[in-house]
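Below you'll find the structure, written out as structure tokens, and then a few comments.
Only the coordinates and a few stated rules stand behind these numbers; no lab work does. Here the structure is a predicted model, which means the values were calculated and not measured. Counting neighbours? That spans all protein chains shown, and the Cβs are built from the backbone with ideal geometry, glycine included.
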Amino acid sequence: MIGANSAVGTALLAQVARGAALDAVAAVRRPDALDGLPRSPRIMPRVVDYGRSDSLADAFAGAGAVAHLAGILFENRTSDYRSGNVEVTRAVVEAAQAAAVGHVVFVSSLGADPRSSNGYFRSKGEAERIVADSGLDATIIRTPLLLGPGTAGGRALRAAASGPSARILGGGAHRLRPLDVDDLCRAILGCCEQPPAGVRTCELVGPTTLTHRELIERAARCLGRELVFRSTPVWLARFGAGLAGLVRTGGLTPAVVDVITSDEAVDRNADGDLGVRLTPLSDTLAKLCQAAPR
Ligand SMILES: NC(=O)c1ccc[n+]([C@@H]2O[C@H](COP(=O)([O-])OP(=O)(O)OC[C@H]3O[C@@H](n4cnc5c(N)ncnc54)[C@H](OP(=O)(O)O)[C@@H]3O)[C@@H](O)[C@H]2O)c1
């Protein structure tokens, strides 16, 4: 597993520790990231240089499958979309080829498209293409907003719903299909335990469609809070992010504003193909609201 300290990685390792039918090498790129990983005799933590295919191939030796979870939405001084989404994927694929790994699971994003004018969607699309053209068997899972106590989306939702006021972009009118991070992890584990042949690209979303505003309202009810909403027009957020980009790198850029205000729509949900029974949104929100804020 690459990006084992990510929110998805930590949730996945928790499922491995609870009794999945496999062992996992949990690769991180910083020694201090090892501390936050779940512990289990089934989990072998390891520091790996993601920039070096030989370091990655060494970690992949003997693996039946690789789950590639490293990736970014928010650029920063050290990671941009090219390094954080495209180049790391290229290195993972080259190492998987060298180590003759049987299957690659790549977590991508709804909207991924190598021709997109949005830098994030474009980089995810380019990364998907690297995986799909690798000659390796692979499952590419495009995901929406992921909810769980450890995900960025889960933390942001909890903060917004804790009130007394919530600031939303564009009235929170964009439509979401939030997915429980544990459902995504069950899908990834299924692909690793019984890797299917060939390359498939799946869109896995949660069971409920609702607007961002409705999602915050439901989370606030779960926390027993009353909220006042304040809205910022999307064009103004984009303009402000563009101005801020003149004096800083990354953070909330116009590209990020467009990603987080996109409608999450799919033609066909892959829950059946991936063998996942989706968690009802009410249960996901209950888990989020019961968890101590992180
Ligand atoms: N969370 C969501 O709602 C969501 C939605 C759609 C798609 N996804 C995708 O799902 C995957 C997992 O998401 P997540 O939210 O669990 O991630 P996360 O918690 O934000 O963790 C990001 C991971 O990527 C690594 N990383 C960051 N910059 C990197 C770089 N330049 N080179 C190599 N690795 C780098 C981080 O390592 P360090 O800690 O060492 O920086 C960390 O392991 C990502 O590919 C993400 O794009 C997530």
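Need one number: the % of Cα-Cα pairs in the range 36-78 sitting beyond the 14 Å mark.
65
Starting from 0 in steps of 10 Å, tell me what percent of the Cα-Cα pairs of the chain lands in each bin.
Cα pair-distance distribution for the chain, in percent: 6, 28, 36, 23, 7, 0.
So how far, in whole Å, is the C-alpha centre of the range 14-91 from the one of the range 132-169?
19
Under the Cβ-under-4.7 Å rule, which cysteines of the chain stay unpaired?
Cysteines of the chain left without a disulfide-compatible partner: CYS185, CYS191, CYS192, CYS202.
Determine the shape class of the range 243-294: with a ≥ b ≥ c the square roots of the Cα gyration tensor eigenvalues, call it rounded for a/c under 1.5, and otherwise prolate if a/b is greater than b/c, oblate otherwise.
Values: a/c = 3.53, a/b = 1.59, b/c = 2.22.
Oblate, since a/c reaches 1.5 and b/c is not below a/b.
So what is the calculated 222 nm ellipticity per residue for the chain, using -39500 (n - 2.57) for each DSSP H run with n of 4 or more, over all residues, to the nearest 500 deg cm²/dmol? Mind showing how you got there, number by number?
Working: 10 runs with 107 residues, N = 294.
Rounded to the nearest 500, it is -11000 deg cm²/dmol.
Taking a ≥ b ≥ c as the square roots of the Cα gyration tensor eigenvalues, with a/c under 1.5 meaning rounded and otherwise prolate when a/b beats b/c, else oblate, which class fits the range 86-152?
Oblate, since a/c reaches 1.5 and b/c is not below a/b.
What relative contact order, as a whole-number percentage, does the range 7-290 give when Cα pairs under 8 Å and 6 or more residues apart are counted?
On the way: 532 pairs, mean separation 53.2, N = 284.
Relative contact order comes out at 19 percent.
Please compute P(r) over all alpha-carbon pairs of the range 124-170, binned at 5 Å starting from zero, and give each bin as a whole-number percent.
5, 17, 16, 15, 12, 11, 10, 8, 5, 2, 0
Which whole number of Å³ per residue matches the convex hull of the alpha-carbon atoms in the range 204-248? It would help to have the intermediate numbers written out before the result.
Details: hull volume 6.8 nm³, N = 45.
With only Cα atoms used, the range 204-248 gives 151 Å³ per residue.
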